[in-house]
Amino acid sequence: MKAIETKLKGCYILEPSKFGDSRGYFFESFNEKTFNTLTNANTHFVQDNQSFSTKGVLRGLHAQAGEFAQAKLVRVLQGKVIDVAVDVRPQSPTFGEHVAVELSAENNQQLFIPRGFLHGFIVLSETATFFYKCDNFYNKESECGISPLDQDLAIDWQLPIGELLLSEKDREAPSFKDLFVLKN
């Protein structure tokens, strides 16, 4: 496995070593020892989640706050998405910046998103099965998020706005400035 740090410190793209022959392929998708060595994260995942979505579904930008903050290791089992992490660590030199990474069943890449980031993704294929590990248990009262269409963040979701399918919660989410800049 290879780890490539993005412009956001602590946020990594992970590329597996894939071994194939005429019968198919094999790769190790996760090994805690290898993962922690490559990322220097010392992360222990406690919960796995999976979602299925259709083209245009935009989920995010979400996080959990305080003691329930979560680091995530995300990947796509079927289909293709653009996965986005936004740095909301107040003391970070990249506060308010984001990375967008194409994750697909074909490239088998994963994105490690440490605590202190918002996360979201959009489905670019007809359908996608999205899988992620979390290092802390879900706590509804700790949820927070911002609008994935926030103009200050200017995230390129790669589909026309008329094709985006958002939940009511995400459509009504506050702006980045309202949730983070004005409070810090």
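By other beta-carbon atoms within 10 Å, ranking His98, His44, His62 with the fewest at the front produces His44, His62, His98.
Its Kirkwood hydrodynamic radius, worked out from the mean inverse distance over all distinct Cα pairs, puts the chain at 16.9 Å.
Which residues in segment 1-24 place their backbone N less than 11 Å from a point set 7 Å from the Cα of Asn31 along the Cα-to-Cβ direction? Those under the cut-off are 1-2, 17. Pairs over the 25 Å Cα-Cα cut-off, from the set Lys55/Lys133; Lys7/Lys177; Lys33/Lys80; Lys2/Lys177: Lys33/Lys80; Lys2/Lys177. Packing order of peptides 135-141, 76-82, 112-118, highest average first: 112-118, 76-82, 135-141 (average count of other Cβ atoms within 10 Å over each peptide's residues). Measuring max minus min along each principal axis, the C-alpha atoms of segment 50-144 give extents of 37, 28, 21 Å (largest first). Sequentially through segment 99-106, phi angles give Karplus couplings (6.51, -1.76, 1.60; θ = phi - 60°) of 10, 10, 10, 7, 10, 8, 5, 6 Hz, Gly and Pro residues having no value and appearing as x.
According to the square roots a ≥ b ≥ c of the eigenvalues of the Cα gyration tensor, what is the shape class of segment 1-73, taking rounded for a/c under 1.5, prolate for a/b larger than b/c otherwise, and oblate for the remainder? Oblate shape, in that a/c is at least 1.5 and b/c is the bigger or equal ratio.
What residue among Tyr12, Tyr25, Tyr132 shows peak mean-square fluctuation when the chain is described by a Gaussian network model with Cα springs under 10 Å? Checking each option, the largest mean-square fluctuation is seen for Tyr25.
Farthest toward the positive end of the dipole of the chain, out of Thr39, Val123, Gly145, is the Cα of Thr39, where the dipole comes from beta carbon charges about the Cα centre. When segment 54-184 is described by a simple charge dipole with +1 on each Lys and Arg Cβ and -1 on each Asp and Glu Cβ, the residue from Trp157, Ser104, Asn136 located farthest towards its positive end is Asn136. Taking other C-beta atoms within 10 angstrom as a stand-in for reagent exposure, Thr39, Thr54 fall in the order Thr54, Thr39, fewest first. Relative to one another, the C-alpha centroids of segment 21-75 and segment 108-184 are positioned 15 Å apart. Dipole magnitude for the chain: computed about the Cα centre from +1 point charges on Lys and Arg Cβ and -1 point charges on Asp and Glu Cβ, it is near 320 debye.
We did not get these values from a lab; they are worked out from the coordinates using the rules stated. No experiment lies behind these values; they were computed from the predicted model shown. Methodologically, a virtual Cβ is constructed for each residue, glycine included, from the backbone with ideal geometry; neighbour enumeration extends over all protein chains shown.
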